[in-house]
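Engineer: This structure is in structure tokens; I'll ask about it shortly.
The values are calculated or read from the model by the stated rules, or taken from the named source; none is laboratory data. Since we're looking at a predicted model, the values are computed, not measured. Using ideal geometry, Cβ is built from the backbone for each residue, glycine included, and neighbour counts are taken over all protein chains shown. Please note that ligands, DNA and RNA were not included when accessible areas were found on the heavy atoms of the full protein model with its side chains. Shrake-Rupley method; radii C 1.70, N 1.55, O 1.52, S 1.80 Å.
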Amino acid sequence: MFNRMPFSVGAMKIKTWPLFIGAAVLLAGTSTTVIAQELRRGAGVLNRPKPELDPLGVRAGGFLIFPNVELGTTYDDNVFATENNKQGDFRFQILPTVTVESDFNRHLLRFSAGADVGRYVDNTSENYIDYFFTGSGRYDITGDASVSTDVAYRKLHEDRGDPDSAIGAAEPIEFSRSSADLTYQQRFNRVIGRVGVGVGREDYDDVPSVIGVTLDQDNRDRWTYTATGQVGYDLYPGYQPFLRFNYTRTEYDEGTVKTNSDNYEAVVGTSLDLTNLLTGEIFVGYLARNYDEDAFDDFSGVSYGLALDYSITQLTTLNGKISRAVEEGFSNNPNPRDRTTFRVGVDHELLRNLILSAKAEYQRDDYLNSDPLTGLTREDDFYLLQAGATYKFNRNLYLSGTYSYSTRDTNRQFGDYDRNLFMLRVGAQL
């Protein structure tokens, strides 16, 4: 639910890849009774409507209110994400959320708020309170034109396994992330055009170190300004080729030498919607990042991405993602990274009210500039293996469990680690 989950970890050997494949094959091959045929177009196992199990919400005029609360516990065998001297601990959580959605014939309004309160049994320095507020809306000007907006504010903390987390911090680093976006979409017969602008802000709090000094995080505070445009064409049922251009301006508040930059990306691709079998998009193009300061090397290269959901059967959905992008990073100082991600997952409906899931992920981070303190150009390899299940007792009560193994291999000193997490949650909803 919250953004910086520790997928963001040290070095799994190649021998673990058969486990990834075996888990997916095992779940995909599980048999069960054939379910009803009422499939929404493109709906996978997780988002397929289940009228007998989906929450009904509470009606308030033209709106539906969906309250939800989860209580959970997690055992983390490496709380501080360290290579040596690992410390395990139990974390107890309460996660309340409420979502309000409009039920209009036209237009759309949606608001959400929630929190994640975590408390550790022994390592109380790791206690946290995260929360968020979001809102979105769409105004349908005509049947072919609409304006939409999204706003969000999140108060978060950096997990100890986050690649940007400061070494030697006495407690997790807290930060806020806010954004606002405005998009206009217009259809002209078979042509669909979309333009949008946005602004984002990240603000990091200073944190005490284990030796009593303050670790200044102000040089991570930044603004981002974005503009995007896309033109697509309904070439054939299920295929919509498109051209897309993205621009991002990043400006840091402080720093002797700021990594302010202009980022450009131009891609060509197609979205897919082949009956109930295959949905998603694939694209390839060019990206470049140019820095204001000569101290940083400009970057350019191939941009590509793939995100697909494939319904192997009505009971099993396979999903995959491949992406490459240049992102903001931090290694003693702001340091953008070239990040490549490969992810594959599978969801299987063993019973109508029991969903099994598995996921494997590999992430490669190549930092673009050498660290001024060490002279090294940082490189990270992160692997994740995850499996879980969700059991719904009825439309108001459910139970979920997840096991995750993650590991990171990096040339950053003291940056390697591996980690096992066992999570159990019970949820109630209306």
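Engineer: For Lys50, Lys258, Lys155, give me the order by solvent-accessible area with a 1.4 Å probe, most accessible first, ignoring ligands, DNA and RNA. Could you put the intermediate results ahead of the total?
Structural biologist: On the way: Lys50 15, Lys258 65, Lys155 35 Å².
Ranked from most to least accessible, the order is Lys258, Lys155, Lys50.
Engineer: Take the Cβ-Cβ distance between Val69 and Leu351 as r, set R0 to 25 Å, and report the resulting FRET efficiency rounded to the nearest 0.05. Walk me through the numbers before you get to the answer.
Structural biologist: Values: r = 24 Å, r/R0 = 0.98.
The formula returns an efficiency of 0.55 here.
Engineer: Tell me, what HN-Hα J-couplings in whole Hz come from the Karplus equation 6.51 cos²θ - 1.76 cosθ + 1.60 at θ = phi - 60° for each residue of the stretch 183-191, using x for Gly and Pro?
Structural biologist: With coefficients 6.51, -1.76 and 1.60, one gets 9, 10, 10, 9, 10, 10, 6, 8, 9 Hz.
Engineer: Rounded to whole Å, give me the distance from the Cα center of the stretch 249-284 to that of the stretch 157-204.
Structural biologist: Cα centroid to Cα centroid, the span is 12 Å.
Engineer: Normalised by the residues of the stretch 118-218, what does the relative contact order come to in percent, with Cα pairs under 8 Å and at least six apart? Present the calculation step by step, with values, prior to reporting the outcome.
Structural biologist: Numbers: 197 pairs, mean separation 22.0, N = 101.
About 22 percent, as a whole number.
Engineer: On to the next question. Between Asn420 and Thr256, what length in nm is gained on full extension when 0.36 nm per residue of separation is reduced by their alpha carbon distance? Intermediate results must be reported in sequence, preceding the final value.
Structural biologist: Numbers: separation 164, 0.36 × 164 = 59.04 nm, distance 3.93 nm.
Once the chain is fully extended between Asn420 and Thr256, it gains 55.1 nm.
Engineer: What does the charge count near Phe104 come to, summing +1 for each Lys or Arg and -1 for each Asp or Glu among other residues with Cβ under 15 Å from its Cβ?
Structural biologist: Values: positive: Arg59, Arg106, Arg110, Arg138; negative: Glu101, Asp103, Asp140.
That works out to +1.
Engineer: Shifting gears a bit: Expressed in nm to one decimal, what extension gain is obtained for the pair Thr313 and Asn394 from 0.36 nm per residue of sequence separation less their Cα-Cα distance?
Structural biologist: Here the answer is 26.7 nm.
Engineer: Classify the stretch 343-388 as rounded, prolate or oblate from the Cα gyration tensor: take a ≥ b ≥ c as the square roots of its eigenvalues, call it rounded if a/c is under 1.5, otherwise prolate when a/b beats b/c and oblate if not. Before the final figure, lay out the partial values.
Structural biologist: Details: a/c = 6.67, a/b = 5.25, b/c = 1.27.
Prolate is the answer for the stretch 343-388, as a/c is 1.5 or above and a/b outweighs b/c.
Engineer: Here is a follow-up. Give me the number: length gained by fully extending Ile94 to Ala145, i.e. 0.36 nm times residue separation minus the C-alpha to C-alpha distance, one decimal in nm.
Structural biologist: Numbers: separation 51, 0.36 × 51 = 18.36 nm, distance 4.12 nm.
Additional length available on full extension: 14.2 nm.
Engineer: Mind giving me the nanometre distance, one decimal, between the label points for Asp54 and Ile282, set 7 Å out from Cα along Cα→Cβ?
Structural biologist: Taking the two extended label points, one gets 3.1 nm.
Engineer: At R0 = 60 Å, how high is the FRET efficiency between Asp273 and Val213 if r is their beta carbon distance? Nearest 0.05 is fine.
Structural biologist: Values: r = 55 Å, r/R0 = 0.92.
So the FRET efficiency works out to roughly 0.60.
Engineer: Given H placed on each backbone N at 1.01 Å, which residues far from Tyr233 in sequence or on other chains put an amide H within less than 5 Å of it?
Structural biologist: Ile192
Engineer: How high is the FRET efficiency between Asn333 and Arg110 when r is their beta carbon distance and R₀ equals 41 Å, given to the nearest 0.05? Can you show the working numbers first?
Structural biologist: Numbers: r = 39 Å, r/R0 = 0.94.
With a Förster radius of 41 Å, E is 0.60.
Engineer: Whole-Hz Karplus ³J(HN,Hα) for the stretch 144-161, in order, using 6.51 cos²θ - 1.76 cosθ + 1.60 and θ = phi - 60°, x for Gly and Pro?
Structural biologist: Per-residue couplings from phi come out as 10, 9, 8, 10, 10, 9, 9, 10, 7, 9, 9, 9, 10, 9, 7, 5, 4, x Hz.
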